[in-house]
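Q: Take this structure first; my questions come after.
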Amino acid sequence: MTETATVPLTGKALLAKVKELSNLPRRERAKQCGYYTTTKGGQVRVNLTDFYDALLSARGIPLSPEAPKDGRGREPTYRVSVHQNGQIVIGATYTKAMGLKAGDEFEIKLGYKHIHLIQVGEGDKKLSQLDEDSDEDTDEDDDE
């Protein structure tokens, strides 16, 4: 058999070629579609992983996440568990995604089997600070 060009097929061209070569073994199909390398010794190595990734991509099934991963930490799962000390840790991935900073405050509202975290805005912080200041002034007046 003759070898195809070393530039691998992608997209609709790949799907059409795979359909055309459906009677061949998978390694030969991958090789005919350009998913192989030749070593210095002349040995041909078929790249099945790249071939299958390209097939999935051509069929509209992306394998890589939208954001590039830096290789550190865990993937966010949107699930947490209560620690032994009773705390629930949300994690830096989520706070970063929400644009939260150290010192941001939240109001906690309990519901049936759920918790609402409502971020206290800058305007709310100033209002609550004014309320606290006015409470202190009235306390001083009561002492006199």
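Readers should treat all values here as calculations from the given coordinates under stated rules, not as data from a laboratory. Quick caveat: nothing in here was measured; it's all calculated off a predicted structure. Reconstructed Cβ throughout: ideal geometry from the backbone, glycine too, with neighbour counts over all protein chains shown.
Q: For Leu56 and Val80 in the same chain, what is the full-extension length gain: residue separation times 0.36 nm, less their Cα-Cα distance, in nm?
A: Between Leu56 and Val80, full extension yields 5.5 nm more.
Q: While we're looking at this one, here's another question. Long-range amide H contacts for Asn47: which residues qualify at under 5 Å (H placed 1.01 Å from N, peptide plane, sequence gap of 5 or more or a different chain)?
A: Under 5 Å from the amide H of Asn47 lie the amide H atoms of Tyr36, Thr37, each far enough along the sequence or on another chain.
Q: Now, a different point. Run the simple label-point estimate for Val7 and Lys101 please: 7 Å along Cα→C-beta, distance reported in nm.
A: Reported label-point gap for Val7 and Lys101 is 5.0 nm.
Q: Using +1 on the beta carbon of Lys and Arg, -1 on that of Asp and Glu, and nothing else charged, what's the dipole of segment 11-58 about the Cα centre, debye to 20?
A: The dipole of segment 11-58 has a size of about 100 debye.
Q: Whole-Hz ³J(HN,Hα) for each residue in segment 32-41, computed from phi via Karplus 6.51 cos²θ - 1.76 cosθ + 1.60 with θ = phi - 60°, x for glycine and proline: what do you get?
A: So the J values, rounded to whole Hz, are 5, 8, x, 9, 7, 10, 10, 6, 4, x.
Q: A further question follows. Under a point spin-label approximation (7 Å from Cα along Cα-to-Cβ), what is the His116-Ile88 distance to one decimal in nm?
A: In this crude spin-label approximation the distance works out to 1.4 nm.
Q: Among Ala58, Val18, Thr37, flag the residue with its Cα farthest along the positive direction of the charge dipole of segment 11-58, charges on Cβ as +1 for Lys/Arg and -1 for Asp/Glu.
A: The residue sitting most towards the positive pole is Thr37.
Q: Gain in length, Glu20 to Leu48, computed as 0.36 nm per residue apart minus the alpha-carbon separation, to one decimal in nm?
A: 8.3 nm
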